[in-house]
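A.B. asks: Take this structure first; my questions come after.
The values are calculated or read from the model by the stated rules, or taken from the named source; none is laboratory data. All values derive from a computational prediction rather than experimental measurement. Note: ideal-geometry Cβ built from the backbone for every residue, glycine included; neighbour counts use all protein chains shown.
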Amino acid sequence: MLDGVNTRIEDLNTVITQTESHRQRLLHEAAANMWSWEIKVKKIKAIYHILNCCNIDVTQQCVIAEIWFPVADAGRIKRALHQGMERSGSTITPILTTIHTRMAPPTFNRTNKFTAGFQNIVDAYGVGNYREMNPAPYTIITFPFLFAVMFGDCGHGAVMLGFALWMVINEESLLAQKSTNEIWNTFFSGRYLILLMGIFSMYTGFIYNDCFSKSFNIFGSSWHIIPMFKNNTWNKEVLLDNTVLQLDPAVPGVYSGNPYPFGIDPIWNIASNKLTFLNSYKMKMSVVIGIVHMIFGVILSLFNHIYFKKYINIILQFIPEMIFIICLFGYLVFMIIFKWCHFDVHSSQSAPSILIHFINMFLFNYSDASNAPLYLHQVCIKKIESTAPCCGFAVNVWRVGVKTGKILRTSTTRASYIEVCSSSILVADHGGGGHEDDEEEFNFGDTFVHQAIHTIEYCLGCISNTASYLRLWALSLAHAQLSEVLWTMVMHNGLNNSSWVGLIVVFIIFAAFAVLTVAILLVMEGLSAFLHALRLHWVEFQNKFYVGAGYKFSPFSFKHIIDGTAED
């Protein structure tokens, strides 16, 4: 009996072992096919979801689908329909019929891996209306440039450029890793944007002559210091201390010959009045760049009016807007450039204040004797009141106010709305639900209030937007001062140690300097300059011509469905 029980136990163990082996074999085979099964299930569910959006004609035994698609892809869609008919063995030829609808077409901007990052910046503000002027092509240049004006440093730009080049060169291997880190994916998707920001930062850094708070002396300084000794400009105690160098261009002979060929003379890096000089330079430069940027945005609105054939807006909106911004802020740019060119170091003390001139022009105050005319025969238009009788009435002459409004176009791919009839299963681009675009009846009261609001918004916006561009000046000075403080308090102390211990300490000091540079000046200051450049494009530039009230074209894509990035 014991032998019989042992035999049965061995048989049961054999069966259990074989069962477990068979189960493991089946699970391994299932695991090998799990990924492909999951993709098939997702594709089948997606196909059935799209088919549920179609209409079925029982009598004709066909499927009717209403879709949006780019006109440029019409040939590909026709070939796909015929290929589906052949594979399904259907005898009914697919039919594409254009139908008319009152729904506004979706907006589709064709991008590549280089332009996708810049288009995402624009779309984050708002997807453009159909065929509205697209700011993305211009943002490719203006965004990195405005960023670099605030982040101008050759050294920091070189580090940023190196990081972007590493991502661009290894983009295939980095894409294959499919990281789930959201912060890393954000940086990686904007690798070409970071690349251009690094290049432009190096360019503006050469103009500022700033590299980790130090200057390049490539061409030799054009400043001569000997005349300052001869004219007793320096105090002897200051000379012995050798810590203060007050540059005075009014001293004869200190500045002769040609100026520094490119950028700012390196002598200003060791001058005690460096900040005073750069303050005026960068502030006026920011105002000039900002006004040119805004005028360019107003000019782009002209293409919207021409394309949508709203010629009345050109006369009643575009022309008054251009007159307002050029006569006021274009004149401000003229005064800045004229003052730069007309007054030299000897006559600068008597140069009038542009700010006082501008304020007086708004206040109609022209009796200020302390503010001399900027140029010969400078005249201003002001309110003139005369009580002289004219046919029994008093005569009043006023400035004429021009009422302006704002209708803000991006060049998007043309879209067609078609009806597709086919007996085969159709998997084509699907634009999703349309947006109703019913035209409202004209109401004079609503239109008057709407245009009055936009008139006030534009006029006040031009003033506030011009002041907003001063952030270019403020952040540029802040970045330069932070860089100088970091060099003086960290790296300079380590390099001053001349003992043998300093050879060891300098490695520790440099490591701390590198970590603080990356953490504070590259990451924190870089994100700050990025956000401010983003605001300048969204608020100050795009609102001059871009509405961004459309909806995005979301094509049917297996790739997006499998990746989980498909939009609802």
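A.B. asks: Let me confirm something: among Ile99, Ile67, Ile56, which residue is more than 23 Å from Tyr551 (Cβ to Cβ), touching a strand residue (DSSP E or B) at 6+ places or on another chain (Cβ under 8 Å) and among the hydrophobic types (A, V, I, L, M, F, W, C)?
C.D. replies: So the residue among Ile99, Ile67, Ile56 that is more than 23 Å from Tyr551 (Cβ to Cβ), touching a strand residue (DSSP E or B) at 6+ places or on another chain (Cβ under 8 Å) and among the hydrophobic types (A, V, I, L, M, F, W, C) is Ile56.
A.B. asks: So, Gly526, is that one surrounded by 15 or more Cβ atoms within 10 Å (Cβ to Cβ) and farther than 25 Å from Glu132 by Cβ or not?
C.D. replies: Against the criterion (surrounded by 15 or more Cβ atoms within 10 Å (Cβ to Cβ) and farther than 25 Å from Glu132 by Cβ), Gly526 qualifies.
A.B. asks: Looking only at segment 219-247, which residues are of a type in the set (Ser, Thr, Tyr), modelled with pLDDT under 75 and within 27 Å of Val485 (Cα to Cα)?
C.D. replies: Result: Thr243, single match.
A.B. asks: What are the residue pairs meeting all of these: first residue in segment 32-50, first residue under 15 Å from Lys559 (Cβ atoms), second residue among the polar types (S, T, N, Q) and surrounded by fewer than 11 Cβ atoms within 10 Å (Cβ to Cβ), Cβ atoms under 9 Å, and 6 or more apart or on different chains?
C.D. replies: As it stands, the answer is none, since no pair meets every condition given.
A.B. asks: Conditions: (1) surrounded by 15 or more Cβ atoms within 10 Å (Cβ to Cβ); (2) out of contact with any Ser or Thr (no Cβ under 6 Å at 6 or more places or on another chain). Met150 meets all but one. Number of the miss?
C.D. replies: (2)
A.B. asks: Considering (1) more than 23 Å from His479 (Cα to Cα); (2) part of a helix (DSSP H, G or I), say which one Met285 fails and leave the rest.
C.D. replies: (1)
A.B. asks: Still on this structure, I have one more. On the basis of being among the β-branched types (Val, Ile, Thr) and within 17 Å of Tyr469 (Cα to Cα), does Ile312 make the cut?
C.D. replies: So Ile312 fails the test.
A.B. asks: Now a separate question. If you check Asn304 against the conditions, is it closer than 22 Å to Thr139 by Cβ and either in contact with a Leu (Cβ under 9 Å, 6 or more places away or on another chain) or of a type in the set (S, T, N, Q) (or both)?
C.D. replies: Yes: the conditions hold for Asn304.
A.B. asks: While we're on this one: Here is a list of conditions, (1) over 30 Å from Asn279 (Cα atoms); (2) out of contact with any Pro (no Cβ under 9 Å at 6 or more places or on another chain), and Leu146 meets all of them except one; can you say which number that is?
C.D. replies: (1)
A.B. asks: Could you list all residues from segment 498-537 that are within 30 Å of Gly290 (Cβ to Cβ) and hydroxyl-bearing (Ser, Thr, Tyr)?
C.D. replies: Thr517, Ser528
A.B. asks: Just a yes or no: is a residue in segment 524-533 out of contact with any Lys or Arg (no Cβ under 6 Å at 6 or more places or on another chain), acidic (Asp, Glu) and either assigned to a loop (DSSP other than H, G, I, E, B) or farther than 25 Å from Val159 by Cα (or both)?
C.D. replies: Checked segment 524-533: no residue is out of contact with any Lys or Arg (no Cβ under 6 Å at 6 or more places or on another chain), acidic (Asp, Glu) and either assigned to a loop (DSSP other than H, G, I, E, B) or farther than 25 Å from Val159 by Cα (or both).
A.B. asks: Exactly one condition in (1) surrounded by 13 or more Cβ atoms within 10 Å (Cβ to Cβ); (2) touching a helix residue (DSSP H, G or I) at 6+ places or on another chain (Cβ under 8 Å) is not met by Ser353; state its number.
C.D. replies: (2)
A.B. asks: If you scan segment 256-277, which residues turn out to be within 20 Å of Lys214 (Cβ to Cβ), part of a loop (DSSP other than H, G, I, E, B), of a type outside the set (Gly, Ala, Ser) and at pLDDT below 85?
C.D. replies: Selection gives Asn273 alone.
A.B. asks: Tally up the residues in segment 288-330 that are among the aromatic types (Phe, Trp, Tyr), surrounded by 14 or more Cβ atoms within 10 Å (Cβ to Cβ) and part of a helix (DSSP H, G or I), please.
C.D. replies: Final tally of qualifying residues: 5.
A.B. asks: For segment 30-55, name all the residues that are over 42 Å from the mean Cα position of the chain (by Cα) and over 18 Å from Ile561 (Cα atoms).
C.D. replies: Ala30, Ala31, Ala32, Asn33, Asn55
A.B. asks: Restricting segment 244-284 to residues that are charged (D, E, K, R) and farther than 18 Å from Gly205 by Cβ, which is surrounded by the most Cβ atoms within 10 Å (Cβ to Cβ)?
C.D. replies: The qualifying residue surrounded by the most Cβ atoms within 10 Å (Cβ to Cβ) is Lys284.
A.B. asks: Residues of segment 460-497 being outside any helix (DSSP H, G or I), surrounded by fewer than 19 Cβ atoms within 10 Å (Cβ to Cβ) and among the hydroxyl-bearing types (Ser, Thr, Tyr), which ones?
C.D. replies: none
A.B. asks: Here's something else I'd like to know. Are any of the residues in segment 122-140 closer than 30 Å to Gln481 by Cα and not acidic (Asp, Glu)?
C.D. replies: Yes, the conditions are met somewhere in segment 122-140.
A.B. asks: Within segment 248-255, can one find any residue that is in contact with an Asp or Glu (Cβ under 9 Å, 6 or more places away or on another chain), part of a loop (DSSP other than H, G, I, E, B), more than 18 Å from Gln349 (Cβ to Cβ) and at pLDDT below 85?
C.D. replies: Checked segment 248-255: no residue is in contact with an Asp or Glu (Cβ under 9 Å, 6 or more places away or on another chain), part of a loop (DSSP other than H, G, I, E, B), more than 18 Å from Gln349 (Cβ to Cβ) and at pLDDT below 85.
A.B. asks: Still on this structure: Quick one: what pairs do we get from segment 456-480, first residue more than 30 Å from Thr517 (Cβ to Cβ), second of a type in the set (Gly, Ala, Ser) and crowded, with 16+ Cβ neighbours inside 10 Å, C-beta under 9 Å, 6+ apart or different chains?
C.D. replies: Short answer, once both residue conditions are applied: Tyr458/Gly405; Asn465/Gly290; Thr466/Gly290; Ala467/Gly290.
A.B. asks: Return the total of residues in segment 145-178 being closer than 24 Å to His293 by Cα and out of contact with any Gly (no Cβ under 8 Å at 6 or more places or on another chain).
C.D. replies: Residues in segment 145-178 being closer than 24 Å to His293 by Cα and out of contact with any Gly (no Cβ under 8 Å at 6 or more places or on another chain): 5 in total.
A.B. asks: Further question: Between Lys78, Lys113, which is among the basic types (Lys, Arg) and more than 24 Å from Ser189 (Cα to Cα)?
C.D. replies: Lys78
A.B. asks: Assess whether Gly84 counts as being surrounded by 10 or more Cβ atoms within 10 Å (Cβ to Cβ) and within 29 Å of Ser554 (Cα to Cα).
C.D. replies: yes
A.B. asks: Say we look at segment 177-194 and pick out the residues that are over 18 Å from Lys113 (Cα atoms) and part of a helix (DSSP H, G or I); which of these is farthest from the chain's Cα centre (by Cα)?
C.D. replies: Residue satisfying both the conditions and the ranking: Glu182.
A.B. asks: So which helices (runs of 4 or more DSSP H) are wholly in segment 56-175 and hold at least 2 residues that are at pLDDT 90 or above, under 30 Å from Tyr469 (Cα atoms) and more than 19 Å from the chain's Cα centre (by Cα)?
C.D. replies: Output list reads 154-169.
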